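Following: one structure in C-alpha cells, then a few remarks.
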Amino acid sequence: MAFGGTGPDNSWMADAGVNLWDQAEHARQYLAQADTIPHRAEGELELLACLPAEPRRVLDLGSGDGRLLALIRRRHPRVAAVAVDFSPTMLDRLRERFAGDPGTTVAAHDLAAPLPDLGTFDVIVSSFAIHHVTHERKRVLYGEIFDRLAPGGVFCNLEHVASPTAALHARFLASLGVTPETEDPSNKLLGVEPQLAWLRDIGFADVDCHWKWRELALLAGVRAA
C-alpha cells in the first residue's frame, strides 16, 4: 500500500503484472509515510482486540517492516511468529527489527504464489498487502489461509479496499494528499462485501468488517473449532 506511486498513470493498476514492491525506491517511499496514514493505529487496535487471549503461533503475510507483528509480539511476547514478505527492502527491515529474537522467523515469499507449507497457526494477519494481488489470487489465498489455521484460529486482514464510487475514491486520495495520477499502480482494490462473501463461502465463521475508515478496513473470520 503506497498511496503515492511511481507511475504516471494508474489506469492500468489492476493489471496482473504490475507490482512495484520489489523496487527499493517504491518500498522506501511507503516507509517514509507509513506512520502518518490516518487512523491506522485505530485499525491496528481493533485487530489486536480480535486476537485470542493466548495465541501460540502467528503468521504475518506481507509483513513490510514488521510494524504490525511488533505490536502483536508486544501484546503477546510468548507467541512464535513467522513474517513473510517478498520485497528485498522489507526483508532487510524485518531482519533488522527482529534480529536476536528467536521467537520470530523471517521468510521470503511472494503472495502471488501459493503459500509454502509453514505449518498451522492460531492467528494469521495481514496489513495493507493482499490488495496487491489480483482478485482471483485474493480468493485463492483466502482459501490457503483457511487451510493453515488451526481450529478456532483467527484471520485478520487490515486492508486497503475499494470505495463504492469514483467520487468517494477521489475523496479518500485527497485526504492523503494523493492524486489519481500518483496513486500506486500496484493497487488492485476490491470492495468489502465481495471479500466478506468469499470468506463465508470458504468456511470462515463470524465473518465481519470490524472497523472501517473510508478505504481502510479490518476484515476478519474464524475457523470454527
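Every number in this text was worked out from the coordinates using simple rules, so none of it is lab data. Keep in mind it's a predicted model, so treat the numbers as computed, not measured. Every residue, glycine among them, receives a Cβ derived from its backbone with ideal geometry; neighbour counts consider all protein chains shown.
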Practice problem: Obtain the nm distance between the two label points defined at Thr105 and Ser163 by a simple spin-label model: each point lies 7 Å from its Cα along the Cα-to-C-beta direction. | Solution: 4.2
Quiz item: If you work out Kirkwood radius over Cα pairs in Å from the coordinates, which of (1) 17.5; (2) 18.0; (3) 17.0 do you get?
Solution: (1)
Quiz item: For the chain, with the dipole built from +1 on Lys and Arg beta-carbon atoms and -1 on Asp and Glu ones, taken about the Cα centre, which of Ala225, Ile130, Ala166 lies farthest toward the positive end?
Solution: Ala225
Quiz item: For the chain, modelled as a GNM with alpha-carbon contacts under 10 angstrom, which of Ala99, Ala150, Ala70 fluctuates the most?
Solution: Ala99
Quiz item: Stretched out fully, how many nm does the piece from Leu118 to Ala53 gain, at 0.36 nm a residue minus the Cα gap?
Solution: 21.2 nm
Quiz item: Given charges of +1 on the Cβ of Lys and Arg and -1 on the Cβ of Asp and Glu, with all other atoms neutral, how large is the dipole of region 58-198 about its Cα centre, in debye to the nearest 20?
Solution: 400
Quiz item: For the chain, with the dipole built from +1 on Lys and Arg beta-carbon atoms and -1 on Asp and Glu ones, taken about the Cα centre, which of Trp211, Leu141, Ala53 lies farthest toward the positive end?
Solution: Ala53
Quiz prompt | Choice from Gly177, Gly103, Gly203 with maximal GNM fluctuation in the chain (Cα, 10 Å cutoff) | solution = Gly177
